[in-house]
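Below is one structure, written out as structure tokens; comments come after it.
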Amino acid sequence: GHSMGGKVLMQFAIDFPNIFEKLIIVDIAPKFYPVHHTSILQGLHSIDLKTLQSRTEANEILKRFESSEGVRQFLLKNLFRNPETGHFGWRFNLSLLTNEIANIGEEITSNHAINKPILFIAGGQSSYILDMDHQSILNLFPMAKFEKIEAAGHWVQAEKPTEFVELVNNFLN
């Protein structure tokens with residue numbers, strides 16, 4: 001799970017520790033994060049899905065809110081065209097994400113540790129998982145392993161896919 005997906009998986013691991021063998025958490029820690037994706041959410045809301053003609057048009061709109069081409073393309077992977085209506089839609093619930101963004105950043109806590117292998121992959125240029133976060137992660141997940149892809153930011157899998165896949169395969173094997 002990457003970012004918000006990683007938060008979801010950490011909570012899942014605490015709630016259902018016997019359902020999985022291993023987890024991979026990408027560039028997120030169980031700590032509190034303040035809301036900081038307001039601009040991206042505004043950009044996504046500014047795309048009128050009823051009149052949108054192409055992904056290129058969506059990218060041009062989003063460019064006003066997010067400068068990174070890689071981040072925009074990553075977000076736009078969630079854009080699809082409904083074959084029945086011809087209109088575009090999001091694969092995620094944008095309204096729910098917007099309304100609940102503050103809750104997404106809440107700290108994850110537990111009274112019990114999860115003793116299963118969990119790989120935490122951090123982007124070396126990202127501030128989401130810092131070396132000082134390792135101990136709090138280990139308190140919840142004592143078998144955690146930490147890897148860092150130095151030349152990557154928060155969107156690790158999009159920025160350095162070869163290195164990312166290699167780490168994932170090594171951990172799973």
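With the highest mean first, a sort of the peptides 115-121, 84-90 on other beta-carbon atoms found within 10 angstrom per residue produces 115-121, 84-90.
Under the classification rounded if a/c is under 1.5, otherwise prolate if a/b is larger than b/c and oblate if not, where does the range 114-168 fall, given a ≥ b ≥ c as square roots of the Cα gyration tensor eigenvalues?
oblate
The chymotrypsin sites (Phe, Trp or Tyr not before Pro) found in the range 15-81 that occupy coil by DSSP, while having at most 11 further C-beta atoms within 10 Å, are PHE32.
Once the dipole of the range 58-120 is set up with Lys and Arg at +1 and Asp and Glu at -1 on Cβ about the Cα centre, which of HIS112, LEU97, PHE74 lies farthest towards its positive end? Of the options given, the answer is PHE74.
Here the range 1-145 is assigned +1 on the Cβ of each Lys and Arg and -1 on the Cβ of each Asp and Glu. Its dipole about the Cα centre then comes out at about 300 debye. Quick one: check the C-alpha center-to-center distance for the range 139-170 versus the range 66-89, whole angstrom. Comparing the Cα centres of the range 139-170 and the range 66-89, I get a distance of 25 Å. Modelled this way, with points 7 Å down the Cα-to-C-beta line, the labels at GLU150 and ARG64 are 4.0 nm from one another.
Ratio of Rg to Rh for the chain: 1.00 [Cα atoms; Kirkwood radius as inverse mean 1/r over pairs]. With the charge dipole of the chain set up from +1 on Lys and Arg Cβ and -1 on Asp and Glu Cβ about the Cα centre, the Cα lying farthest toward the positive end among the listed residues PHE32, SER136, LEU62 is that of LEU62.
Given an 8 Å cut-off on Cα distances and at least 6 residues of separation, report the relative contact order of the chain as a percent.
The value is 26 percent.
Counting only DSSP beta bridges whose two residues both lie in the chain, roughly 20 percent are antiparallel. Protection proxy ranking, highest mean first, for peptides 94-107, 143-156: 143-156, 94-107, where packing is the per-residue count of other beta-carbon atoms within 10 Å, averaged. For the range 1-93, the set of trypsin sites (Lys or Arg not before Pro) satisfying both a DSSP loop assignment and a count of at most 13 other C-beta atoms within 10 Å is given as LYS22, LYS50, ARG64, LYS77, ARG91. Normalised per residue, the accessible area of the chain is 57 Å², obtained with a 1.4 Å probe and no contribution from ligands, DNA or RNA.
Counting only protein heavy atoms and a probe of 1.4 Å, the accessible surface of the chain is 53% carbon and sulfur.
The values are calculated or read from the model by the stated rules, or taken from the named source; none is laboratory data. Not measured: the values here are computed from a predicted model. Backbone-built Cβ (ideal geometry, glycine too); neighbour counts: all protein chains shown. What goes into the accessible areas is simple: the full protein's heavy atoms, side chains included, and nothing from ligands, DNA or RNA. Shrake-Rupley method; radii C 1.70, N 1.55, O 1.52, S 1.80 Å.
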